[in-house]
Structures are given as C-alpha cells and as structure tokens.
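As structure tokens, the structure follows; a few thoughts come after it.
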C-alpha cells in the first residue's frame, strides 16, 4: 500500500534519516519502502524543497507507528491518487481499488474534504475548484467539518518562487485519506522558553527529539550523554522511555543555582531523574570499567565556539590524587582540543556501546567539510546517517549517527586511536575541525579579546611591522585598476580578499579597527588614500588604517603616514596625493588634498590583512 508522507518544513536534511530510522525501528527496510536516490532528488530540487514523499509499506499500522514517533512528519495519507494536474489525480482516484474505497462511502460514516498546499497559499475559490474535481466520489454519510471520522485531503505541491503571483497551477497533486499525524506537539511541549533551568549551550528541543529518534531510544534502553550540560538531550531520551546517565566535567552546571538544576527540568515534565556523575570523558576508563554497557550514546560535544572544552589536569596527563590529598583537593582543568574530544568520544562509544548500539552526536564544521576525508572513523563503528544544519556563512553542524558493528579489542587500542586520527592529517586542508574552531573563534568570539587588548593599550598587530610610510605607499597604489590594487596589496602582505558583506559584519563587531590595514579596491579609479599613522599605543611601527572609499568611486581621504606616538604620526608623516605618497613634510594636511575622482562607480571588494 502506498502512503504520502507530508514533512514539516524544518530541518529538511534530517527528514529522510529520521524516516529511515523509524522504519527500521518498525521492522521495515527503507530501501524497500522507497528509492533513496529518487527521494533525495524530489526532496531537494535545487532552490525548491518539496515536503512530500510517497512510500510503500506493508500495512497501515506501520505508518501509524512511524508517525507516532516522528518529529519532522506532519501527517500521513493513504494515497488514493496523484498526478501532475488535478485532472490526472482525479483519474488516478477513479482507478483506485473499489474494495478499499467502499467502506468509507457508508451512510454511518462522517467525512470531510480539505485542500492543503506547500509553497503557496491557495485562495478559497481555488480550494473549492480543487474539491469539486473529486465530487464524483459517492459519499453517502454526513459531512462534518470538525472531527470527522475520516478526513480526505487534496494536496497541491506548488513552486515556491513568485509566491505573490495569482492563478498558478500546482506542480503535482495528491489525494488521499489521512491515517496519522506526526508527533509535532512535542516540539511545543518541550519548548526551551518554558524550562526552569537553561544554559547558553542548551540543545534545541526539536533537534534533541530528532537525535533521540536517530539513536533508537526506546523503553528501558540505557542512554548516555558524556557532555550532559543542562540535560536537554536526556530530557528527550527520557520522554521516549530511556534510562538516562549523564556526565560532565563542570560540577557547577550539574549542581545549578538558586534551587534550579538539571533535575528541575525532569521534574517539570514528570520524567524519571537521570543518574549524573561529575566526570571527565577524556579519563572515562578511570571512572567506568564496564564494557558494552549502553544501548545508545546521544550527545552534543563542545565545539569550542560558545563554550570551550576542558579536561582534567594542568599540563599533560592528569595525575591520580593521593588519598590524603583528596579532602581539600581542587581539580585543575586544561584546554581540550576539539580533535581530541572526538577521538575520545569514538573510543568511549566503541568500548561501552552494546553490539548494534548507536552513537549520535553533533559535529561543527566548515562548509568545505568532506565526509569521506574529514569525518573521524573508528573500526568498530559504521556510519549510518549524516545530516547537515547551516549556522552561518562559515559554519554548519552535522548530525552524525554511527552503529557499533564489532566488539572492541583492548589489545588494539593504539591501532583504533591511530585510525581515528587519520582525518587530522589527510587531505591538503588537514583537520576540518580545527578550521571550524578557528573560523568560529574569529566569527563569534575572537574580536572580544582584541577589543580588551585595545582598551588596555596592548593591541597586537595582525601584520608584520610596517616601516614609516609603508602603509601609505600600499594604499596609495590603490589609485590604479583592480589588478594593480591586488598586486600592491600582495606586495605589502594584504593577501585576503573578503566579500563586502563580510567586512560590514566585521566592522559592526569592531574587528576592523586601528590594528588592521584595509582599503576599497576601485574598478578604474584614479587616486587613493594614504594610511592613518595614528597608533593606539606608543609603538615604533606604523599601524595604519585606510579610510574606505565612498560609493561614487572617488579616491579615499588622505591620511598621515608615520610611526612613533600618535603625535609623531601626525607630525612626521606624508600625505597621499593622486595615488602617490609624498615623503616627509612636517605639516599636517587633511584629506581634501588627496585622491582624485574615480572613473568607475562602486566598490567591489575590500581587502584586509591576515597573519603571514
């Protein structure tokens, strides 16, 4: 029997992995239910994402069970007919087996026909027209708009572009009987805004529920979160019947404050409390010694973006505390590299998961992440599913689901760890996780440290020290065309070309400050501005800042060039005129005498310094 799955329009790349997992949970092979390659082509059609998927399963009970657990499914219809036009769909309904349709036409059955759509809001007149296309169905019972015994629906899948254009025809039309609704009510029930205890990294409630499904959490299964934090993931696991265990290295998060802690959230939802242990996942073997203990591990390891990872010890490996020192011992922690976090997580999963158990975790990466090259692997774990969620222009995060396929051999531990670290040296770009952490630090938090340094008069130049007048020379050369600008930039170490939108963001966050050298590359403009010789501290090098050119293509303002103190920079610098730097000259002049008007309108890109 064919059924139509109507997905919610959230987390599109998670639709099929969650569906596959729930089909497996109910004893149906996903490959037998639908063609995976065709489904991805339909679900992801370029700029347009269709929320409809036709599957074939042995019975209605299966799709009802799948929908009862699914977070990303809105509803499921028993498909009576489909077509590229309403007429084709109506003809398909006429050919649907009569023995299946007949019971719903009885006089004692209440019914209703509604019209739905995706990508377009259908007007009432169009809805009525679509309903009348199926008026040939011989319903004999009473119409009941609210809570009918059987709800029939006409779904139109519309192109999402030109959404304000009227009179559009759907790309595809479906007609069927609703047999189940998804578990979307849980998303509102577990809303983070309603929880008494939260933290800055509390997991999104909808994604936590999806992760619990991906890990096949069920009644009585032992679930483990080694980075439990405020317990958002374990709340979802406990709802589905899991027996939860969580650990975290930060005892302050576990204890909470003002009478609120991790247990408070579980009490609010009437869920059994988890077992919580203050523990370091990097030293898991010292705390837990039972192999193949858990049915699933569901976690959100630290990315080093909002909250950096920590592990026990001050430098190097943590030492064992002597018994007579434990009473007043304050454990030290140190930085925990993201690469090590992942290697330790895979090792713990390989050791402690039961055979067939699942590891489900979130992984931050750049968009250039290569699944085959960059994803850390373990010989005991096999990749089952992979989904991606965009975060920023630089970063995304991926939901990785692995299944334990063979038993862990303690004698091969070093071999396992070496296999996990292969991704850190493979490929030209090396570790994608280090790149993600570096990009995240630059985008989310690095500028705060630079602002603090500036306020304290300890600005660190991001470029090699420039001799007096060098910044003005480089910027003055921007009076040529774009190629000359690039050449002049490269000659002075200005090697990173960034989009204009990116520079706006960096300026707004305070990253483009007097510690940077930047300029606007003009298309064919004459003249350019000199670099400002002002320095935020008494240094011996020039820390120039070039003023941005305006939008009509005129040359930048002439700045002073020179080193030393701010006073020295004002008095000893030259001025930039017509794209050249005039050395010397004790007189201070403003930008009115600098660059000439440009021939080309607009600023295309902005060039900024980077290390090296």
task = Identify the single condition in (1) more than 16 Å from residue 224 (Cβ to Cβ); (2) surrounded by 15 or more Cβ atoms within 10 Å (Cβ to Cβ); (3) modelled with pLDDT of 85 or more; (4) touching a strand residue (DSSP E or B) at 6+ places or on another chain (Cβ under 8 Å) that residue 382 does not satisfy, given that it satisfies every other one.
result = (2)
ask   = Which fully enclosed helices (runs of 4 or more DSSP H) of region 179-256 have 2 or more residues being free of Cβ contacts under 8 Å to residues at least 12 places away in the same chain?
value = 185-189, 251-255
query = Does residue 166 meet the test of being in contact with a strand residue (DSSP E or B) (Cβ under 7 Å, 6 or more places away or on another chain), assigned by TED's automatic domain parsing to the domain that holds residue 147 and either modelled with pLDDT of 90 or more or in a loop (DSSP other than H, G, I, E, B) (or both)?
reply = no
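Does residue 31 meet the test of being under 29 Å from residue 386 (Cβ atoms), loosely packed, with under 15 Cβ neighbours inside 10 Å and in contact (Cβ under 8 Å) with a residue 40 or more places away in the chain?
Numbers: under 29 Å from residue 386 (Cβ atoms): yes; loosely packed, with under 15 Cβ neighbours inside 10 Å: yes; in contact (Cβ under 8 Å) with a residue 40 or more places away in the chain: no.
So residue 31 fails the test.
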ask   = Can you find a residue in region 107-119 that is at pLDDT below 95, buried (at least 18 other Cβ atoms within 10 Å of the Cβ), within 41 Å of the chain's Cα centre (by Cα) and over 21 Å from residue 5 (Cα atoms)?
value = no
Selection from region 353-376 of residues that are surrounded by fewer than 17 Cβ atoms within 10 Å (Cβ to Cβ) and in contact with a strand residue (DSSP E or B) (Cβ under 9 Å, 6 or more places away or on another chain) = 354, 355, 356, 367, 371
request  = Would you mind stating whether residue 130 is surrounded by 15 or more Cβ atoms within 10 Å (Cβ to Cβ) and modelled with pLDDT under 95?
outcome  = yes
key: Residues of region 363-383 satisfying the condition of being touching a residue at least 60 places away in the same chain (Cβ under 8 Å) and either more than 19 Å from residue 339 (Cβ to Cβ) or over 10 Å from the mean Cα position of the chain (by Cα) (or both)   = 368, 369, 370
remark   = Scanning region 388-425 for residues that are under 24 Å from residue 295 (Cβ atoms) and touching a strand residue (DSSP E or B) at 6+ places or on another chain (Cβ under 8 Å) gives 398, 399, 400, 401, 402, 403, 404, 405, 406, 407
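The values are calculated or read from the model by the stated rules, or taken from the named source; none is laboratory data. What you see is a predicted model; the values in this text were computed from it and never measured. We place every Cβ from the backbone using ideal geometry, glycine too, and count neighbours over all the protein chains shown.
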